[in-house]
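Visitor: Before anything else, here's the structure in question.
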Amino acid sequence: YRRLTRIPAPIRTQISIAELFTDLKKLFPEEEFQFEVPSPELKLYADRAQIEQVLINLLKNARETCERKADKEIQIKFFSKGNPTLAISDNGEGILPTVLDKIFVPFFTTKTSGSGIGLSLCKQIMTLHEGSINVKSEVGKGSSFILTFPK
């Protein structure tokens, strides 16, 4: 695990949120992915590769949790009031309250083919950025992962 998750210190640069979302749209072109593209001048000070890795993991998880739904909806939004914040929301199965506090623990997974390192890596990357990752979830209604960055 230590070898897999040795993440270098972030090399922070100004990231255009609009460009980041445009690139992610190419990886997730399905219509259920709704990118709320903010104005071009909105920026985030972060390591682009690391944040992209976090977002790809969260979007893949959202896709998986919505697999059995006919009306899949996955949204990604950026807010800049207060601390810069990214929110990834889905209308999937939701996360059981009994496991909610364990999802960021290394090797914990509810998936049959999961390794349990994706969300723990996301948390580690956000910690290295002096930010946070939080989740709100309701069984049967979906989940929202909120990434908050320092100002």
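The values are calculated or read from the model by the stated rules, or taken from the named source; none is laboratory data. Bear in mind the structure is a predicted one, so any value in this text is a computation, not a measurement. All Cβ positions, glycine included, derive from the backbone under ideal geometry; neighbour counts span all protein chains shown. In case anyone asks, the SASA skips ligands and DNA or RNA and just uses the protein heavy atoms, side chains included. Shrake-Rupley method; radii C 1.70, N 1.55, O 1.52, S 1.80 Å.
Visitor: List the pairs whose first member sits in the range 77-100 and is touching a residue at least 60 places away in the same chain (Cβ under 8 Å), whose second member is surrounded by fewer than 13 Cβ atoms within 10 Å (Cβ to Cβ) and of a type in the set (A, V, I, L, M), and whose Cβ atoms are under 7 Å apart, counting only residues at least 6 apart or on separate chains?
Guide: That search, which allows pairs on different chains as well, returns nothing.
Visitor: Follow-up question, since we're still on this one. Name the strands (runs of 3 or more DSSP E) wholly inside the range 42-144 in which the number of residues that are at pLDDT 90 or above and open to solvent by 50 Å² or more (accessible area, probe 1.4 Å) is 1 or more. Show your work before the answer.
Guide: Details: elements: 43-46, 74-79, 85-90, 132-138.
Once the strands (runs of 3 or more DSSP E) in the range 42-144 are filtered for at least 1 residues that are at pLDDT 90 or above and open to solvent by 50 Å² or more (accessible area, probe 1.4 Å), what remains is 43-46, 74-79, 132-138.
Visitor: At positive phi and touching a Phe, Trp or Tyr at 6+ places or on another chain (Cβ under 9 Å) - does that describe any residue in the range 103-116?
Guide: Yes.
Visitor: Can you find a residue in the range 72-92 that is closer than 16 Å to LEU121 by Cα and out of contact with any helix residue (DSSP H, G or I) (no Cβ under 7 Å at 6 or more places or on another chain)? Lay out the reasoning, then the answer.
Guide: As a first pass, look at the range 72-92 and keep what is closer than 16 Å to LEU121 by Cα: none.
No.
Visitor: What tally of residues in the range 9-32 results from selecting those that are open to solvent by 20 Å² or more (accessible area, probe 1.4 Å), in contact with an Asp or Glu (Cβ under 9 Å, 6 or more places away or on another chain) and part of a strand (DSSP E or B)?
Guide: Matching residues across the range 9-32 total 1.
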